[in-house]
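The values are calculated or read from the model by the stated rules, or taken from the named source; none is laboratory data. From a predicted model like this one, the values you see are computed outputs, not experimental measurements. Glycine gets a Cβ as well: all are built from the backbone with ideal geometry, and neighbour counts include every protein chain shown.
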Amino acid sequence: MDPAVRALGADLWTVFSWALMWSAEQGTDGLIPRHMLTLLHPNGGTVANAEALVSVGLWEAEGDDYRVKGWERTQSLAADVEHQRERNRLKQQAHRQRARERDGVTGYVTGKSHRRGEAEAEARPGPARTSGDNAGSTRVGAREGRPLRESPDERFRRLSDLADELDSSPSAAPVTEWPVREIPA
């Protein structure tokens, strides 16, 4: 740590550190406009604070404004940050494009299938993972082998079979009277 920073009192440390954060966030490469000094301390940074930071060698006067000395040695320059953001944006865009091409993702977020078809799922090793658009398919968990979600058609068939089983069961007697309770007034 710079000895000049260690020697700062609480007020100057606050102005200095808040200035670093503000400048990094705003992309000013260490330039602190004079009108921003009041935002750099809970009690309001002053020109006297700025001049004290200049006198200990952490800032330099630049016209009416101030600049953090050695910004480029310890902080990222705004142009470098913007370049990295653009690289990351392009990288993410390419990743999403590859995913769309590989998985048939439509970008359509409604719970409907995002896969092109069962043939593609069968071509890959491991348990098939399909969804509701592929009629009659069941999504299967990799560990348990149990359905995670059933299609509406599967649910209808399952419930219809259950109803038929209950109707045909000899122990199932039809309900002829419903118990009625008086509702207190």
Report summary line: Expected single match for modelled with pLDDT under 50, surrounded by 10 or more Cβ atoms within 10 Å (Cβ to Cβ), farther than 30 Å from ALA24 by Cβ and among the hydroxyl-bearing types (Ser, Thr, Tyr) among THR130, THR138 is THR138
Report summary line: Flagged pairs (Cβ under 9 angstrom, 6 or more apart or on separate chains; first in the stretch 29-46, without any contact (Cβ under 8 Å) to a residue 40 or more places away in the chain and at positive phi; second of a type in the set (A, V, I, L, M) and surrounded by 12 or more Cβ atoms within 10 Å (Cβ to Cβ)) are GLY44/LEU37
Query raised in the report: How many residues, within the stretch 8-59, are within 25 Å of GLU82 (Cα to Cα) and of a type in the set (Asp, Glu)?
Result: 2
**Report entry** Of all residues in the stretch 36-88 being surrounded by 13 or more Cβ atoms within 10 Å (Cβ to Cβ) and of a type in the set (Val, Ile, Thr), the one that is nearest to ASP11 (Cα to Cα)
**Finding:** THR46
